[in-house]
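One structure is given here, and the rest of the page talks about it.
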Amino acid sequence: MDTNLEAGMDEGATAVITHRVPIDKHAAYEEWLDEIAPACRASLGYIDLHIVRPVAGVTETYTIIIRFDTPDHLQQWMDSSARAHLIASVRPLLVDGDGVFISSGLDFLFAPKSANAQVPVRWKQYLITWSAIYPLVLAVPYVVDPVLGFLGVTDNHFITTLFITGTVVYLMVYLVMPRYTNLIKRWLFS
């Protein structure tokens with residue numbers, strides 16, 4: 001297991017776990033996935049878990065993205081006996097073992113090749129990011145400006161831009177991109 005955790009940072013931490021599973025073992029692996037979510041949820045500092053399933057005919061790789069509020073809480077989960085038990089039980093289903101990349105903040109979006117995670121080609125990343133940001137940049141000012149006015153924040157271009165960009169980034173990271181990439185994953189990884 002290759003971990004790259006920067007201790008002491010309180011900006012959240014993410015583990016990107018990749019498992020190559022032969023097609024004939026997908027059903028058993030899906031049953032195993034039903035066990036990992038409740039175990040993660042019970043851990044201190046758990047934020048969320050996302051599963052990116054293989055695209056039929058393209059890949060046999062499952063990617064599990066687990067986020068915790070601090071690097072310490074993520075490390076506690078990674079070192080826990082519950083996770084050790086889960087990995088021991090799934091190991092016979094895996095082709096390459098347990099591929100793990102850990103980082104703090106948003107670094108997991110740019111996972112290195114050592115993470116064994118399939119990454120879309122750059123031009124597709126560019127198009128998807130652009131197509132998601134464009135409508136947000138158009139719409140968010142119509143919501144943020146009136147809210148700032150209502151709160152009595154002075155009409156200052158720098159302050160307004162700060163709140164608009166903060167809202168756009170929040171929406172991109174937590175709401176738009178997880179759903180958008182899931183919706184177009186077949187094209188994204190083709």
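The values are calculated or read from the model by the stated rules, or taken from the named source; none is laboratory data. On a predicted model such as this, the values are computed, not experimentally measured, just so you know. With ideal geometry, Cβ positions are generated from the backbone for all residues, glycine too; neighbour counts draw on all protein chains shown. In case anyone asks, the SASA skips ligands and DNA or RNA and just uses the protein heavy atoms, side chains included. Shrake-Rupley method; radii C 1.70, N 1.55, O 1.52, S 1.80 Å.
Structure data summary
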{"item": "Residue selected from region 46-82 under the condition assigned to a strand (DSSP E or B) and in contact (Cβ under 8 Å) with a residue 60 or more places away in the chain, by the criterion most open to solvent (accessible area, probe 1.4 Å)", "result": "His50"}
{"item": "Scope region 142-178; condition of a type in the set (A, V, I, L, M, F, W, C) and not in a helix (DSSP H, G or I); matching residues", "result": "Leu151, Val153"}
{"item": "Region 83-142, residues that are surrounded by fewer than 11 Cβ atoms within 10 Å (Cβ to Cβ), modelled with pLDDT of 85 or more and either closer than 21 Å to Ile64 by Cα or under 17 Å from the mean Cα position of the chain (by Cα) (or both)", "result": "Ala88, Pro92"}
{"item": "Gly12 being open to solvent by less than 60 Å² (accessible area, probe 1.4 Å) and in contact with a His (Cβ under 6 Å, 6 or more places away or on another chain)", "result": "no"}
{"item": "Count of residues meeting criterion [under 15 Å from His85 (Cα atoms) and surrounded by 12 or more Cβ atoms within 10 Å (Cβ to Cβ)] in region 15-45", "result": "9"}
{"item": "Boolean, Leu151 is closer than 29 Å to Asp48 by Cβ and at pLDDT 85 or above", "result": "no"}
{"item": "Residue pairs meeting the criteria (Cβ under 7 Å; at least 6 apart or on separate chains; first closer than 17 Å to Leu175 by Cβ, in region 131-148; second open to solvent by 80 Å² or more (accessible area, probe 1.4 Å) and modelled with pLDDT under 90)", "result": "Val144/Phe163"}
